[in-house]
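The following block contains the structure, expressed as structure tokens.
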Amino acid sequence: QIIIKLAKSQKSPSQIGIILRDSYGVPSIAQLTGKSITQILSEEKLLPKLPEDLLSLIKRYVDITKHIQANKKDQPSIIGLQLTESKIKRLAKYYKRNNKLPGDWRFSRERASLLIE
């Protein structure tokens with residue numbers, strides 16, 4: 001019930017785990033319930049549209065893009081942007097294979113900032 005309440009207040013699965021660990025003294029939800037937090041949220045249909053790790057990579061991509069627009073000659077950031085984009089594409093490919101993303105989902109540079117809002 002606590003997991004569902006926290007999920008309805010827009011907390012991510014990792015944030016829910018941290019809150020349960022720090023506030024309630026529960027070291028592992030999986031040992032307690034036999035299920036992970038994401039499994040419990042998927043049963044209650046409270047999972048976000050995009051997986052949490054993919055969303056954090058997209059946020060990083062947007063942040064690096066903003067940085068590069070202000071600092072055009074920052075070569076290490078440009079390389080970091082390319083590496084982040086390839087990580088996003090690899091992770092999306094994995095999630096499509098495991099049916100966690102729709103088959104027609106594509107990452108586009110233009111929509112990246114819209115996805116995180």
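The values are calculated or read from the model by the stated rules, or taken from the named source; none is laboratory data. What you see is a predicted model, and the numbers here were worked out from it, not measured in a lab. Please note: Cβ atoms are built from the backbone with ideal geometry, for glycine as well, and neighbour counts cover all protein chains shown. Surface accessibility is based on the protein's heavy atoms, side chains included, excluding ligands, DNA and RNA. Shrake-Rupley method; radii C 1.70, N 1.55, O 1.52, S 1.80 Å.
Would you be able to say whether some residue in segment 18-32 is within 28 Å of Gly80 (Cβ to Cβ) and in contact (Cβ under 8 Å) with a residue 24 or more places away in the chain?
no
If only one of Leu50, Leu55, Leu41 is at pLDDT 90 or above and closer than 20 Å to Ala112 by Cα, which one is it?
When all the criteria are applied, what remains is Leu55.
If a residue must be in contact (Cβ under 8 Å) with a residue 24 or more places away in the chain and closer than 18 Å to Arg111 by Cβ, how many such residues does segment 38-52 contain?
3
Can you tell me which residue within segment 49-74, out of those that are open to solvent by 60 Å² or more (accessible area, probe 1.4 Å) and farther than 21 Å from Leu91 by Cβ, is farthest from the chain's Cα centre (by Cα)?
Looking at residues that are open to solvent by 60 Å² or more (accessible area, probe 1.4 Å) and farther than 21 Å from Leu91 by Cβ, I get Lys73.
A further question follows. Would you confirm, using the coordinates I've provided, whether Gln15 is out of contact with any helix residue (DSSP H, G or I) (no Cβ under 8 Å at 6 or more places or on another chain) and either closer than 20 Å to Leu54 by Cα or at pLDDT below 90 (or both)? Please lay out each step first, then the result.
Details: out of contact with any helix residue (DSSP H, G or I) (no Cβ under 8 Å at 6 or more places or on another chain): no; either closer than 20 Å to Leu54 by Cα or at pLDDT below 90 (or both): yes.
Against the criterion (out of contact with any helix residue (DSSP H, G or I) (no Cβ under 8 Å at 6 or more places or on another chain) and either closer than 20 Å to Leu54 by Cα or at pLDDT below 90 (or both)), Gln15 does not qualify.
Among the residues of segment 33-62, count how many are closer than 30 Å to Leu81 by Cβ and not aromatic (Phe, Trp, Tyr).
Going through segment 33-62 one residue at a time, the tally reaches 16.
Can you report the number of residues in segment 1-48 which are of a type in the set (Lys, Arg) and exposed (fewer than 11 other Cβ atoms within 10 Å of the Cβ)?
Quick first cut of segment 1-48, residues of a type in the set (Lys, Arg) only: 5, 8, 11, 21, 35, 45.
Right, trim to exposed (fewer than 11 other Cβ atoms within 10 Å of the Cβ) and you get 5, 8, 45.
Within segment 1-48, residues that are of a type in the set (Lys, Arg) and exposed (fewer than 11 other Cβ atoms within 10 Å of the Cβ) number 3.
Filter segment 86-97 down to the residues that are closer than 16 Å to Pro51 by Cα and open to solvent by less than 70 Å² (accessible area, probe 1.4 Å) and list them by number. Even if it seems obvious, please write down each step before you answer.
If we filter segment 86-97 for residues that are closer than 16 Å to Pro51 by Cα, which is where we start, we get 87-97.
Listed by number, the residues that qualify are Ile88, Leu91, Ala92, Tyr95, Lys96.
Here's another thing I want to ask about it. Could you list, ordered by first residue, the pairs with Cβ atoms under 6 Å in which the first is in segment 74-94 and among the charged types (D, E, K, R) and the second is open to solvent by less than 40 Å² (accessible area, probe 1.4 Å) and in a helix (DSSP H, G or I), at least 6 apart or interchain?
From segment 74-94, the pairs are Lys87/Leu57.
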